[in-house]
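Peer 1: I have a structure I would like to understand better, so I am pasting it below and will then ask my questions one at a time.
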Amino acid sequence: MGIGPEDAKLTKSYMSVAFIALLIGGALGLLQGLERAGLMQLPHWFNYYQVLTTHGVLLVLVLTAFFTIGYFYAGLSHTLGGLSSKVRKVAWIGFWLKVIGLVVAVIPILMNKASVLYTFYPPMAASPYFYIGLALIVIGVWMCAFGAFISVAKWRKQNPGKHIPILAFFATGVFVLLFFGSIGVTIEVLTLIAWSFGWKATINVLLSRTLFWSFGHTLVNIWYLTAVSAWYVVVPKIIGGRRFSDTLTRVVVILLVISNIPGGFHHQIVDPGMTQTLKFLHLFMSLAIGFPSLMTAFAMFYVFEKTGRRLGGKGLFGWLKKLPWGDVRFLAPMVAMIAFIPAGAGGIAQTTNQLNQVVHNTLWVVGHFHLTVGTSVILTFFGISYWLIPYISKRVLTPRMNKIGIIQTIIWTVGMLSMSVAMHWVGLLGSPRRTSYTTYGDDATALGWDPYLLFLAVGGTFLIIGVLIQVYAVFHMMFFAPKGETQFPIAEPEMPEETTPLWTDRWGLWIVAMLLVVSMGYVVPLVDLIVNAPPGSPPFITW
């Protein structure tokens, strides 16, 4: 157990890019929130839609991808006895492909030639170099996925009959989803490159949207699964407890991998060209993702209550007082878990046909996104950083830095709560997403949104303060904190791992099951959209 200097350098590099992206993307998010609230007007040379696109690329694609890969590569190094030189080389190639791809994608955005709200959604057409940059990012992610698969396969060969260490098991699930979930969008991006260069006159819009969402929501659940890995594996160790069940932990990962990709179809409930029967099938597939989340809620609160009572907690809720609320490594992911309760309920609303009709193109969806990713996922990432950064830097978390982390967590929570609640509420009143501020000719309904949009700006102000504190904390812990040894916290299961059935580790079987479920969801609509293709669309530039 442990991490060598070369593996630590790899994770440090990934973490540095992740938190630099957080800093820039967070600052742009504040500008975006202030304009959306009508408090400022961005200049024509860097307008709202450029800001929105850059904010999305940096936070939704760069921050999450670089953090996830850096975190799991540290976990693979720690639990599998270090990375081989071959795997490190693959991970560095992936790193530079992603960095080059980011630069190539951002330049057209800054030139106002790719203000497509960070999506790959035709008929809006960006510069072909925007799509080329995104393709390089995806290829870089694939390289890292292959590196992880090589590491796990090598370990299994050297340890026949043993279970894959639990964090490596989570990493396998995440990288399986990253690879297979991005195949559809890669095909789409290749066609978009030809279309935006003018080599193809038109594009099949509905087919492109379907390929996009085979990846879009899968990506969200990749971040969620990364956060869940810390909930199951790290948090119980920090509070002095044990994992609820090794078998349940592995089954949750398997279920999320098998059921995830078709879940993205609920983003297309309002799309024409899809039969009601098909939408009903995908409604069931989308709701299926909720089942492992409920299993996680049960397992985690079991661990919390049992640990709290073992530490002396009495009465119905006395165990809550015994949890280490003054430890940022626990507080941040705990707030993230609590936030996922309303976030998950909101997701069910958006998955349901009738309710989706009400909220689909409103700020409700943006509020939901900030509650799930911006709170449940990102706060967990912040909590991880307070032990992972000292661990890879051979430094320690000081009481002062822990206190700063507590303050940062509170500020972030207040900011996200203010922003997300306002977005949910004003979305129900009809305020659209993906638009800059307008009163629609002083329409009474639009003017009624303004008080709620002010809370959006207030939340954004709190969040940029939280961003500055978090970035300061990360780089202080990386380079200036006192030197020392920090533990990589991995909780032992309550029951011995030997009782876990070995079939849980048969990843070949689970990948086949995943592909069967994906085929059930996508073969019929994709064949129909290709054979009975609607008239194609030329590119549109709306900015």
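Peer 1: For the stretch 76-163, which chymotrypsin sites (Phe, Trp or Tyr not before Pro) pass both filters: DSSP loop (anything but H, G, I, E, B) and at most 10 other C-beta atoms within 10 Å?
Peer 2: On the way: sites: Trp92, Phe95, Trp96, Tyr118, Phe120, Tyr129, Phe130, Tyr131, Trp142, Phe146, Phe149, Trp155; in loops: Tyr118, Phe120.
Filter output for the stretch 76-163: empty list.
Peer 1: How much solvent-accessible surface does Arg209 expose, in Å² to the nearest 10, with a 1.4 Å probe and all protein chains in place?
Peer 2: The value for Arg209 is about 50 Å².
Peer 1: Need the full-extension length gain, Leu502 to Val523, defined as separation in residues times 0.36 nm minus the C-alpha distance. One decimal, nm. Each step should come with its number before you reach the end.
Peer 2: On the way: separation 21, 0.36 × 21 = 7.56 nm, distance 3.17 nm.
This chain segment gains 4.4 nm when fully extended.
Peer 1: Please give the net charge around Trp92, taking every other residue with its beta carbon less than 13 angstrom from that of Trp92, where Lys and Arg add +1 and Asp and Glu add -1.
Peer 2: +4
Peer 1: Continuing with the same structure: Considering the Cα trace of the chain, what is its radius of gyration and what is Dmax, both in angstroms?
Peer 2: 22.7, 71
Peer 1: Can you give me the distance in nm between label points at Thr439 and Val414, each placed 7 Å from the Cα along the Cα-to-Cβ direction?
Peer 2: 3.1
Peer 1: Another question, if that's okay. Compute the projected area of the convex hull of the Cα atoms of the stretch 122-191, averaged over all viewing directions, and report it in nm² to one decimal place.
Peer 2: About 5.3 nm², averaged over all directions.
Peer 1: Moving on. What is the projected area of the convex hull of the Cα atoms of the stretch 231-374, averaged over all directions, in nm²?
Peer 2: Projected area, direction-averaged: 9.9 nm².
Peer 1: A follow-up question, please. Rg over Rh of the stretch 87-126, using C-alpha atoms and the Kirkwood radius, what does it come to? Display every interim value, and only then the final one.
Peer 2: Numbers: Rg = 13.4 Å, Rh = 11.5 Å.
Radius of gyration relative to Kirkwood radius: 1.16.
Peer 1: So how strong a dipole does the chain carry about its Cα centre when Lys and Arg Cβ are +1 and Asp and Glu Cβ are -1, to the nearest 20 debye?
Peer 2: 1460
Peer 1: Taking only the alpha-carbon atoms of the stretch 31-172, what semi-axes of the equivalent ellipsoid follow from 5 times the gyration tensor eigenvalues under a square root, in whole Å, largest first?
Peer 2: Working: eigenvalues 295, 49, 24 Å².
Square roots of five times the eigenvalues give 38, 16, 11 Å.
Peer 1: May I have the pair-distance distribution P(r) for the stretch 102-158, computed from all Cα-Cα distances with 10 Å bins from 0 and rounded to whole percent?
Peer 2: 24, 35, 19, 15, 8, 0
Peer 1: Here's a follow-up. Report, ordered by chain and residue number, the aspartates and glutamates lying within cross-link reach of Lys322, taken as a straight Cα distance under 12 Å and ignoring same-chain residues fewer than 8 apart.
Peer 2: Cα-Cα hits under 12 Å: Glu305.
Peer 1: Let me ask you something else. Hey, if you put +1 on the Cβ of every Lys and Arg and -1 on every Asp and Glu Cβ in the stretch 485-543, which of Ala491, Thr542, Thr504 ends up farthest toward the positive end of that dipole?
Peer 2: Checking the options against the dipole of the stretch 485-543, the answer is Thr542.
Peer 1: Distance between the C-alpha centers of the stretch 353-420 and the stretch 80-98? Whole Å please.
Peer 2: Answer, in whole Å: 28.
Peer 1: Give me the lysines in straight-line cross-link reach of Lys200: C-alpha distance below 22 Å, same-chain residues under 8 apart excluded.
Peer 2: Correct list for Lys200: Lys113.
Peer 1: Using all C-alpha to C-alpha distances in the stretch 282-362, build P(r) with 10 Å bins and read off the rounded percent in each one.
Peer 2: Distribution as computed: 16, 35, 26, 17, 6 percent.
Peer 1: With equal scatterers on the alpha carbons only and no solvent term, can you work out the Debye log10 of I(q)/I(0) for the stretch 263-307 at 0.22, 0.32 1/Å?
Peer 2: Relative scattering, expressed as log10 I(q)/I(0), comes to -0.71, -1.04.
The values are calculated or read from the model by the stated rules, or taken from the named source; none is laboratory data. Computed from a prediction, not measured in an experiment: that's the story for all the values here. Every residue, glycine as well, gets a Cβ built from its backbone with ideal geometry; the counts of neighbours run over all protein chains shown. Accessible surface is based on the protein model in full, side chains and every heavy atom, while ligands, DNA and RNA are left aside. Shrake-Rupley method; radii C 1.70, N 1.55, O 1.52, S 1.80 Å.
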